[in-house]
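*Asks:* Please find one structure pasted underneath; my questions will follow.
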Amino acid sequence: MIIETIKQKFYNSFKELDLEAPLMDEIEIEHPKHKEYGDYSCNIALKKAKSYKTKPLKLAKDIASTLDKDNFFAKVEAIKPGFINIYISKKELRDILLTIHETGEDFGRNTQSENSQKVLLEFVSANPTGPLNVVNARAAAFGDSLAKIMNFLGHEVQTEYYINDAGNQIDILIESVEVELNRLAEMPVKEVEGGYKNQYIREVADEILEEEHQSIFRTSEANKEKKIRKYALDGILKRQKESLLDFNVFFDNWISEQALRDKGSVEDVLSYLAETDYIYEKDDAMWVSTSKFGDDKDRVIMKGDGTTTYLIPDLAYHISKYKRGFNQLIDILGPDHHGHTKKLQAGMKILGYDIDILNFIILQQVNFIIGDKKVKMSKREGNIFTLDQLIDEVGTDASRFFFLMRKSNSPLDFDIELAKKQSSENPVYYVQYAHARINSLEKKVSKEGIKFKNFKPEYLKRLRYEEEWNLIRKLMKFPELLVHISATQSVHLLTSYLIGLASTYHTFYQKRRVVNKRYKELSLARLYLCKATQIVLANGLRLLGISAPKEM
RNA sequence: GCGCCAGUAGCUCAGCCGGAUAGAGCAACGGCCUUCUAAGCCGUAGGCCAGAGGUUCGAAUCCUCUCUGGCGUACCA
């Protein structure tokens, strides 16, 4: 990676100047805001001048003069307060295009084994009580893309969906299906308080009647309940999985809460806790002193009636995560669950686990812009869109892109009309269009009798316009961007990078004609540049789970 | 009350482990198609980075306080 190479060269420069070299991490190579300040810049002289008992500008000049001799750079110069501005040589820029073509879909991939982490990424994890909704969809898009990016950078990421198929809500689900079943069979119906009434309930009831006919009503009450439970859980989960597949989202693991409970893990947690000094009885219930470990207050773990609260199975689930030997556990949660993180962390700490590796990403809420009105998506208010509706209405590509345009901890306003528009206002089409445009160039070239296989690297010397260099500079930054995204989990930077890359490309395309049979070498050089751009666009889109169309 | 997140251009937002002139995209206004996809390009305009203090050579960025909005704060999951 370019940025690493530059860092190393700075490090060496200190040696050459007989100065004690700073730590590698202290050398920050940044992207200046203005292009008059170079391709990259460095503020090490400002930061370190004091410790060398010299003036920043003097130090900057010394460093710059050693680096300026290096052919890797076109120019390295020290400026006013003590910045060092770096310009990459034309040869290096041309070589980047060769690298992109050589590595192809692996351009940007990092196989750094030494920093590789084993990561568990859990997301969506909805109750199997109905269709997935748009809040789940934001989590699905974010988690899936983050996993793809981290994997691409050499981490070993597993994605996981935790199925909450046990507990209160499931009992209500079973009753709701039974009500629906009775209604379908025209039998007496007793409504369930707080029961579920979504489309999946009706479909499952339908399915049961179709498969079992009247026999379901003749069997014992216990057997009937067992059957309904199986149909309901399997049926709804199957539908949720289908929606996720339509949304291009894949999970490595599906973990069932019921299965964990069947293994006795809830009892295990209770006995582990009993061995600590942090549980006590009060008001007929059993409490754990999470407040001693950063929680706002202590929590009940066992209610007066002898049943446990949700904290216990959740601790059990997280213990199972720890036992699988990950270096990092990431829970991606919805906005309504952030109150849950402190008690979970406190609980894990009490059980003796290292909570530094347990991280949470809270996705903020989703609002839909319909017409010119903002509609808050809320399950409670019953105005929530399902994921399937979103896919039908807007499509997977546009939806995923829109979900990933904002940083995770900002609320997201989703403009449906804009997402559906097929014009430059819509950033998804803007990016995909750049990719498609390049494809049509290839056709054009062969029509003109220019053969791409005749390309030779020395033709790249024909590139000499600013629009061409700008495009290469943009391409060059793709790998280091991915490193930054992976480290900071800021997936949204990839969407804005792609918009920027598309824009840089469109500018080049408008200004510099690619195909011209009178200048075959130039045509091939530019085509080579275009195809490098196409590779990077495709790689970026693929990491976002979005298609890269060849024609539009 | 307490906690978390946010407050940057008319709108939606980047930038936030401090750096040099605060950036995009929409919307507005004015241009560009007899030549590779105009689903495109170019230009103009638009800002006391919510407010007040502090830290420093230097603050949108870090600290404190205030104001505004969202969410959370269960013996629900």
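*Asks:* In whole angstrom, how far apart do the alpha carbon centroids of region A:77-108 and region A:1-43 sit?
*Replies:* 13
*Asks:* Taking square-rooted eigenvalues a ≥ b ≥ c of the alpha carbon gyration tensor, is region A:205-261 rounded, prolate or oblate, where a/c under 1.5 means rounded and, failing that, a/b exceeding b/c means prolate?
*Replies:* Oblate, since a/c reaches 1.5 and b/c is not below a/b.
*Asks:* Heavy-atom accessible area of A:PHE293 with all protein chains present, probe 1.4 Å, nearest 10 Å²?
*Replies:* 60
*Asks:* Order of A:412-418, A:454-460 by packing, highest average Cβ count within 10 Å first?
*Replies:* A:412-418, A:454-460
*Asks:* Now, a different point. To the nearest 500 deg cm²/dmol, what mean residue ellipticity at 222 nm is calculated for chain A from DSSP H runs of n ≥ 4 alone, each contributing -39,500 (n - 2.57), summed and divided by the residues?
*Replies:* After summing the helix terms and dividing by residue count, I get -15500 deg cm²/dmol.
*Asks:* So for chain A, Kirkwood radius off the Cα pairs, Stokes-Einstein at 37 °C and 0.692 mPa s: how many µm² s⁻¹?
*Replies:* Translational diffusion coefficient: 120 µm²/s.
*Asks:* Compute the FRET efficiency between A:HIS34 and A:LEU481 as 1/(1 + (r/R0)^6), taking r as their Cβ-Cβ distance and R0 = 25 Å, and round to the nearest 0.05.
*Replies:* 0.85
*Asks:* Give me the 1.4 Å probe accessible area per residue for region A:2-88, excluding ligands and nucleic acids, in Å².
*Replies:* On a per-residue basis, 57 Å².
*Asks:* Mind counting lysine pairs for me in region A:247-378? Cα separation below 19 Å, and the two need to be 8 or more apart along the chain or on different chains.
*Replies:* Counting lysine pairs in region A:247-378 gives 17.
*Asks:* Per-residue accessible area for A:LEU120 at 1.4 Å probe radius, Å² rounded to 10?
*Replies:* 0
*Asks:* In Å and from the alpha-carbon atoms only, list the Rg and Dmax of region A:480-539.
*Replies:* 14.8, 48
*Asks:* Highest first, please rank the peptides A:99-108, A:224-233 by the mean number of other Cβ atoms sitting within 10 Å of their residues.
*Replies:* Sorting A:99-108, A:224-233 by mean packing, highest first, produces A:224-233, A:99-108.
*Asks:* Shifting gears a bit: Taking the Cα centre of chain A as the origin and placing charges on Cβ (Lys, Arg +1; Asp, Glu -1), which of A:HIS338, A:LEU184, A:LEU311 is farthest toward the positive end of the dipole?
*Replies:* It is A:HIS338, whose Cα lies furthest towards the positive end.
*Asks:* Would you calculate the volume per residue, in Å³, of the smallest convex hull containing every Cα atom of region A:2-88?
*Replies:* Convex hull of Cα atoms, per residue: 81 Å³.
*Asks:* Tell me, what % of the accessible area of chain A is carbon and sulfur with a 1.4 angstrom probe?
*Replies:* 47
*Asks:* Scan region A:1-44 for GluC sites (Glu not before Pro) in coil per DSSP, keeping those whose Cβ has at most 16 other Cβ atoms within 10 Å, and list them by number.
*Replies:* A:GLU20, A:GLU28
*Asks:* If you take every DSSP beta bridge fully contained in chain A, what fraction is antiparallel? Give it as a percent rounded to 5.
*Replies:* So the antiparallel bridges amount to about 50 percent of the total.
*Asks:* Could I ask something else about it? Can you give the angle from 0 to 90° between the axis of helix A:134-152 and the longest principal axis of chain A, with both taken from C-alpha atoms, to the nearest 10?
*Replies:* 50
*Asks:* How many angstrom lie between the Cα centre of region A:219-249 and the Cα centre of region A:122-185?
*Replies:* About 12 Å separates the Cα centre of region A:219-249 from the one of region A:122-185.
*Asks:* Follow-up question, since we're still on this one. With every protein chain left in place, what is the accessible area of A:LEU527 in Å² (1.4 Å probe, nearest 10)?
*Replies:* Accessible area of A:LEU527: about 0 Å².
*Asks:* Right, next: For a quick protection proxy, order the peptides A:149-160, A:191-202, A:86-97 by their average other-Cβ count within 10 Å, most packed first.
*Replies:* A:149-160, A:86-97, A:191-202
The values are calculated or read from the model by the stated rules, or taken from the named source; none is laboratory data. None of the values given here were measured: they were computed from a predicted structure. Because the Cβ atoms are built from the backbone with ideal geometry, glycine has one as well, and the counts that use them run over all protein chains shown. Each accessible area value is taken on the protein alone, full model and side chains, heavy atoms only, with ligands, DNA and RNA left out. Shrake-Rupley method; radii C 1.70, N 1.55, O 1.52, S 1.80 Å.
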